[in-house]
Each structure stands twice: as C-alpha cells, then as structure tokens.
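Below is one structure; the comments refer to it alone.
The values are calculated or read from the model by the stated rules, or taken from the named source; none is laboratory data. These numbers come from a predicted model, not from an experiment. Here the Cβ is made from the backbone with ideal geometry for all residues, glycine too, and neighbour counts use every protein chain on show.
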Amino acid sequence: MREIRFSGYGGQGVIRCGLITGKALSLFDDKFATMNQSIGPEARGSACSSQVVVSEDRVLYPYITRPEILVAMSQDAYEKYEPELREDGILIIDTDLVRMRPARGKIKVFGIPSTRFAEEMGNRIFANLVMLGFFTAVTKVVTPEAMKKALPGLVPSRFLDLNIRAFEKGYTYGLEQLSQTNIGVAEEKSKTPATKPTPAKARKGKK
C-alpha cells in the first residue's frame with residue numbers, strides 16, 4: 001500500500017490531482033484506491049490537499065497516516081505537510097514556488113517548474129497537469145496511459161488536448177530527470193576505487 005498527498009493552495013487544481021490519480025488507478029490500472037480532500041477556511045488561496053491511498057488489495061482504511069509521497073505546489077503546503085512525510089519518502093516540489101530546507105533522512109527530492117511550464121503553454125491553470133505528468137514519471141505509481149484515460153470528465157472537454165499536452169510535458173521532464181539521476185549514480189560508482197583483496201599470507205598472520 002502507498003500513501004500519497006498532493007498539496008498546494010486553493011485554485012491550483014490540487015483536489016483534481018487526487019481525483020485524476022484515483023480514477024486512473026482504480027479504473028484503468030486495475031488497482032484499489034481511495035481519495036480524500038482537505039481545504040482551509042477560504043476556498044481559494046488557502047492551503048489545501050488531496051490524499052490518495054493505493055493498494056493491490058482492497059483498501060480497508062481510506063485515510064493516510066504517514067505519506068510516502070508528497071507533492072507540494074506552494075510554500076505554505078510544504079511547510080505544513082513536509083514534517084508528515086516519511087523519512088524514506090519522495091518529495092516533489094514546484095521549484096519556482098517552494099524554497100525547501102535540507103531534506104530529512106533518506107527523502108528523495110524531485111523538482112519541476114510546473115507553473116512556469118504552464119505559463120509558457122499559455123495559462124498557469126495547466127500547472128497541475130504538468131505536475132501530474134512529472135509525478136507519474138518519477139514515482140511509477142500509475143501508468144501514463146491510465147492517467148490520460150482518466151482525464152475526460154475531470155477536465156473541461158474543450159481543453160482536453162491542452163491538458164494532455166501539459167501532462168506529457170511534465171512526464172517527459174520527469175523521465176529526463178530520472179535519466180540524469182541514474183547517470184550521476186553510475187558515475188559516482190565508477191569513481192569508487194575497488195577494494196583490493198587481502199593477500200592470503202596477510203590474512204593468516206603469524207603462528
């Protein structure tokens with residue numbers, strides 16, 4: 001079972017991120033999923049989140065307890081929800097909107113300028129789909145095909161093509177980041193000198 005929290009401020013489409021992911025997992029990826037949401041006292045501009053629990057088996061408890069994955073699309077959301085992230089979890093941020101502290105424990109951090117990419121497409125309203133594409137690429141929780149199949153009915157039909165383009169932009173960026181990360185790991189391993197075996201005589205010592 002995996003626990004996921006999408007977070008940001010009202011108006012960013014954070015709740016829709018949870019709806020799309022939950023629909024994709026349960027209807028098109030043959031998994032069990034539940035989705036819950038939380039918003040502040042003001043509907044727009046306040047911190048909000050949506051939580052998704054996904055499992056290969058039936059979900060018996062639909063609320064997250066200690067999320068493994070946190071997507072933070074605003075500074076307030078990061079400050080509020082980052083302390084709840086597992087120390088071996090995955091943190092995904094909008095690099096233009098979140099200034100983060102040094103990562104705790106073994107948390108893996110991935111970042112994308114999702115809002116800036118959306119603005120380059122003509123409207124920052126697509127930032128949530130850019131982020132969803134990125135999330136799909138770096139976490140492998142859900143397939144990209146399932147996510148795109150889940151969009152009809154959850155995004156305006158006249159903007160469906162643009163939302164798919166936004167998703168694919170984020171997905172491609174995520175794959176590029178993973179590739180660079182893997183190359184970096186491989187280079188570090190190649191720099192590590194191999195340990196020379198201890199000569200047999202030295203291991204035996206004096207009698």
Fill in the blank from the handout: Counting only residues in segment 86-96 that are of a type in the set (A, V, I, L, M, F, W, C) and without any contact (Cβ under 8 Å) to a residue 40 or more places away in the chain, the one farthest from residue 69 (Cα to Cα) is identified as 93
Exercise for the section: Could you tell me which residue of segment 174-193 is surrounded by the most Cβ atoms within 10 Å (Cβ to Cβ), considering only residues that are out of contact with any Phe, Trp or Tyr (no Cβ under 6 Å at 6 or more places or on another chain) and modelled with pLDDT of 95 or more? Expected result: 175
Fill in the blank from the handout: Filtering segment 66-96 for residues that are more than 18 Å from residue 52 (Cβ to Cβ), buried (at least 23 other Cβ atoms within 10 Å of the Cβ) and in contact with a Ser or Thr (Cβ under 7 Å, 6 or more places away or on another chain) leaves a count of 1
Practice task
Tell me, yes or no, whether segment 49-62 has at least one residue that is more than 20 Å from residue 20 (Cα to Cα) and surrounded by 17 or more Cβ atoms within 10 Å (Cβ to Cβ).
Solution key: no
Exercise for the section: Kindly provide the set of residues from segment 128-154 that are among the small types (Gly, Ala, Ser), in contact with a Leu (Cβ under 9 Å, 6 or more places away or on another chain) and buried (at least 23 other Cβ atoms within 10 Å of the Cβ), ordered by number. Expected result: 150
Practice task
Mind listing just one residue for me: the one in segment 111-127 that is polar (S, T, N, Q) and assigned to a helix (DSSP H, G or I) and, of those, surrounded by the most Cβ atoms within 10 Å (Cβ to Cβ)?
Solution key: 114
Exercise for the section: Report, by residue number, each residue of segment 70-84 that is of a type in the set (A, V, I, L, M, F, W, C) and farther than 17 Å from residue 18 by Cα. Expected result: none
Exercise for the section: Give 8, 18 a once-over and let me know the one that is buried (at least 17 other Cβ atoms within 10 Å of the Cβ), at pLDDT 95 or above and not in a strand (DSSP E or B). Expected result: 18
Exercise for the section: Check segment 164-178 and report whether any residue there is aromatic (Phe, Trp, Tyr), in contact with a helix residue (DSSP H, G or I) (Cβ under 7 Å, 6 or more places away or on another chain), assigned to a helix (DSSP H, G or I) and over 20 Å from residue 27 (Cα atoms). Expected result: yes
Problem - Selected residue (criterion: farthest from residue 4 (Cα to Cα)) from residues of segment 91-109 that are touching a Phe, Trp or Tyr at 6+ places or on another chain (Cβ under 7 Å) and not in a loop (DSSP other than H, G, I, E, B) - result: 93
Exercise for the section: Would you be able to say whether some residue in segment 58-77 is farther than 20 Å from residue 144 by Cα, assigned to a strand (DSSP E or B), within 15 Å of the chain's Cα centre (by Cα) and not charged (D, E, K, R)? Expected result: yes
Exercise for the section: State which residue pairs qualify: first residue touching a residue at least 40 places away in the same chain (Cβ under 8 Å) and of a type in the set (Ser, Thr, Tyr) and inside segment 120-144, second residue assigned to a helix (DSSP H, G or I) and surrounded by fewer than 20 Cβ atoms within 10 Å (Cβ to Cβ) in any location, beta carbons under 9 Å apart, and separation of 6 or more residues or different chains. Expected result: 143/28
